[in-house]
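To start, the structure under review is shown below, and the notes come after it.
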Amino acid sequence: MNSHRPNPSPISTLFSSSPYKFFLSFPPLLATSINRKRQRFTSLFLLLFLFLCLSFATSMAVSDSDSGPVVHTTPLVTFLQRLQLTAIRSCPKKPDPKVYIDLSLKLPHDLSTVESVFDDLTAGSRDMSVPVEKLKKFVNEYFDPAGKDLVHHEPEDFVSDPTEFLLNVENKQVRVWAREVHCLWKTLSGRVSDAVIESPDRHTLLPLPEPVIIPGSRFREVYYWDSYWVIKGLLTSKMFTTAQGLVTNLMSLVETYGYVLNGARAYYTNRSQPPLLSSMVYEIYKVTKDEELVMKAIPVLLKEYEFWNSGKHKVVIRDASGNDHILSRYYAMWNMPRPESSVFDQESASGFSSTLEKQRFHRDIATAAESGCDFSTRWMRHPPNFTTMATTSVVPVDLNVFLLKMELDIAFMMEIAGDKNGSERFVKASEARKKAFEIVFWNEKAGQWLDYWLSSNGDEPETWKAENQNNNVFASNFAPIWISSFHSDENFVKKVVKALENSGLIAPAGILTSLTNSGQQWDAPNGWAPQQEMIVTGLARSDLKEAKVMAEEIARRWIRSSYRAYKTSGTIHEKLDVSEIGEYGGGGEYKPQTGFGWSNGVILTFLEEFGWPSDLSIIEP
Ligand SMILES: OC[C@H]1O[C@H](O[C@H]2O[C@H](CO)[C@@H](O)[C@H](O)[C@H]2O)[C@H](O)[C@@H](O)[C@@H]1O
């Protein structure tokens, strides 16, 4: 596991800077002109002086740098960041910065040689730019292109027409399309190449034991929370072995790092993503009844549970009666620009003058990436001002739903394993978190759960204040309805359904992410597959008729829109613009992506859940 080493303090560079070198060389210079006693006194004096300098610099270092945890990255990532900067400054058509951080070092070159060639190439260039042709030549000579280290893999359990596939989809047009979506698993399937296993230091792609399903396009590596909806889709496609392989991969990351990484890249080791590993194991178990998988998963899930419920991730909110409620927040172990978007982050932080402000901002940016919702007005103190991102100060509703679900899943798995005490312990933990939902997040007037803004840095317990609830409407405010703890009481669900109906979130093609069009991708007018699925599935599982009707209506809108977008663009999109049927989403820091893992998964899941009658047109009425 990576150690959470603190950020290197400016003190480490103190003695290499010139004025101090001068002081260190001072005593020998004096030796010829004064006697030994005086020399000893002078040396002592200088030592004392240096000690005082050191103490002063240390105290400055402590107060002027953010003291949170930092997981360091690899030398290759650090170099590729330099190359990325040069590429962005050199190419007239701005390339996707992620392309450069995904390159791998060609054999037989070693990094230090390549670095010195690069130093020569950029020497004399003030802004690090170089002529494009020279840059291309350098990259081609020393690097393999992004994506070369993930080789195609034909999934062994893929059949083009699986038996019992989507039996309730009767409409011919929809069946044909569903089969095409099912076939996309083949294009998204890959295996980490042997080159990565043999020389991991030459790659930013991390070794994984089993084949993978990637989201698609620029996302040529496994992502944590995406995998939940990919797995749901794979189960519909009867690809059980592939689904199990994905879980084995994510479990291997927990074994190595102590948590599941944001994605399987060396530059994602400083953060996780929404914790859905237990839900993945649960979904697979429901279909396969594979007890061996459950037994393997329990210790891994316990390790992951500890990660989310300790250190900076853990927060304590005290209620008016003095009872403490333990919840979790996102908190990345990083306070610098994200390597995959380094230039973007540097520019965004350029308005901050102190190192401390910059570091805090970078941590809040990386933390938003850990939330999976990068970026959104949800994390901004003064939306839509991006520089007011303060993700570490938010106790998020959805993260705590995932953790409550994890507690219930672990309890369920421990029951299977025959560990009654362990199971009871986790049932108790889930009850405590459910209580915290009532006290901290639930807002009776709004009929939804609201994110909570911390008043302090979250290191000490703090007292709950009504004004700290974020009153803005987000799809995530309705995420709790996903789990049985919140959808089993009909009267309660009625309240939530009414609030959702009146929220303004229900749009022609699905559920909006928020009501603010900020230009960020996790805001209006975008709708994302995972949020549609959580809310729709939760409503559909309740016993309330209105909730079921609403669920089906939202699912049909989403499917129709995905179908129309597919027919016009020939592909499935990462996100949709839900203000209009058939429009794909935009905004944010990268171009809209296609492929696409979780969108395919949710289309198949909805078709499995609601079917499609033969007389119902897929073209919107
Ligand atoms: O490169 C920018 C960011 O890209 C990722 O985030 C987006 O794509 C992921 C894969 O589909 C998805 O899990 C996430 O919810 C999206 O916002 C990546 O996860 C970020 O860490 C990265 O900075």
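Looking at 158, 165, 138, can you tell me which residue is farther than 19 Å from residue 222 by Cβ, aromatic (Phe, Trp, Tyr) and assigned to a loop (DSSP other than H, G, I, E, B)? Write out each step before concluding.
Details: 158 fails: farther than 19 Å from residue 222 by Cβ; 138 fails: assigned to a loop (DSSP other than H, G, I, E, B).
None of the other options fit; the residue is 165.
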Can you name the residue in the range 549-567 that is within 13 Å of residue 606 (Cα to Cα) and open to solvent by 40 Å² or more (accessible area, probe 1.4 Å) and, of all such residues, is nearest to the ligand (Cβ to nearest atom)? 557
Go through the range 318-341 and give me each residue that's part of a loop (DSSP other than H, G, I, E, B) and of a type in the set (Asp, Glu). 319
Among (1) among the hydroxyl-bearing types (Ser, Thr, Tyr); (2) under 24 Å from residue 614 (Cα atoms); (3) within 27 Å of the chain's Cα centre (by Cα), there is one condition residue 160 misses while meeting the rest; what is its number? (3)
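Here are some residues: 352, 307, 344. Which one is open to solvent by 20 Å² or more (accessible area, probe 1.4 Å) and part of a loop (DSSP other than H, G, I, E, B)?
Numbers: 307 fails: part of a loop (DSSP other than H, G, I, E, B); 344 fails: part of a loop (DSSP other than H, G, I, E, B).
Answer to the selection: 352.
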Out of (1) part of a loop (DSSP other than H, G, I, E, B); (2) within 29 Å of the chain's Cα centre (by Cα); (3) small (Gly, Ala, Ser), the one residue 87 does not meet is (1)
Taking the range 381-423 as the region of interest, how many residues are out of contact with any Pro (no Cβ under 8 Å at 6 or more places or on another chain), under 24 Å from residue 441 (Cα atoms), among the β-branched types (Val, Ile, Thr) and assigned to a helix (DSSP H, G or I)? 4
If residue 458 satisfies every condition in (1) assigned to a helix (DSSP H, G or I); (2) open to solvent by less than 10 Å² (accessible area, probe 1.4 Å) but one, which is the exception? (1)
I'm trying to understand the selection: among the residues of the range 424-449, which are closer than 21 Å to residue 320 by Cα, among the β-branched types (Val, Ile, Thr) and open to solvent by 10 Å² or more (accessible area, probe 1.4 Å)? 439
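What about residue 253, is it touching a Lys or Arg at 6+ places or on another chain (Cβ under 9 Å), within 16 Å of the ligand (Cβ to nearest atom) and under 26 Å from residue 205 (Cα atoms)?
On the way: touching a Lys or Arg at 6+ places or on another chain (Cβ under 9 Å): no; within 16 Å of the ligand (Cβ to nearest atom): yes; under 26 Å from residue 205 (Cα atoms): yes.
Spelling it out, it is not the case that residue 253 is touching a Lys or Arg at 6+ places or on another chain (Cβ under 9 Å), within 16 Å of the ligand (Cβ to nearest atom) and under 26 Å from residue 205 (Cα atoms).
Hey, among the residues in the range 568-621 that are part of a strand (DSSP E or B) and under 27 Å from the mean Cα position of the chain (by Cα), which one's farthest from the ligand (Cβ to nearest atom)? So that I can check it myself, show each step before the final result.
We begin by selecting, within the range 568-621, every residue part of a strand (DSSP E or B); these are 573, 576-577, 584, 594, 612.
Checking which are under 27 Å from the mean Cα position of the chain (by Cα) leaves us with 573, 576-577, 584, 594.
On the way: 573: 11, 576: 14, 577: 16, 584: 14, 594: 11 Å.
Residue satisfying both the conditions and the ranking: 577.
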Which one of these does residue 452 not meet: (1) open to solvent by 10 Å² or more (accessible area, probe 1.4 Å); (2) farther than 30 Å from residue 232 by Cα? (1)
Residue check for residue 162: touching a residue at least 24 places away in the same chain (Cβ under 8 Å) and open to solvent by 70 Å² or more (accessible area, probe 1.4 Å): no
Six or more apart or on different chains, Cβ atoms under 7 Å: show the pairs whose first residue is in the range 357-384 and without any contact (Cβ under 8 Å) to a residue 24 or more places away in the chain and within 22 Å of residue 478 (Cα to Cα) and whose second is of a type in the set (Gly, Ala, Ser) and surrounded by 22 or more Cβ atoms within 10 Å (Cβ to Cβ). 379/368
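Can you tell me which residue is most open to solvent (accessible area, probe 1.4 Å) among those in the range 578-609 that are over 30 Å from residue 164 (Cβ atoms) and of a type in the set (Phe, Trp, Tyr)?
Start the filter on the range 578-609 by keeping residues that are over 30 Å from residue 164 (Cβ atoms), which leaves 578-593.
Adding the requirement that they be of a type in the set (Phe, Trp, Tyr) leaves 584, 590.
Details: 584: 112, 590: 30 Å².
If we take residues in the range 578-609 being over 30 Å from residue 164 (Cβ atoms) and of a type in the set (Phe, Trp, Tyr), then 584 is most open to solvent (accessible area, probe 1.4 Å).
The values are calculated or read from the model by the stated rules, or taken from the named source; none is laboratory data. As the structure is a computational prediction, the values presented were derived from the model and not from experiment. Every residue, glycine as well, gets a Cβ built from its backbone with ideal geometry; the counts of neighbours run over all protein chains shown. For the accessible areas, the whole protein counts, side chains as well, though only heavy atoms, and no ligand, DNA or RNA atoms are used. Shrake-Rupley method; radii C 1.70, N 1.55, O 1.52, S 1.80 Å.
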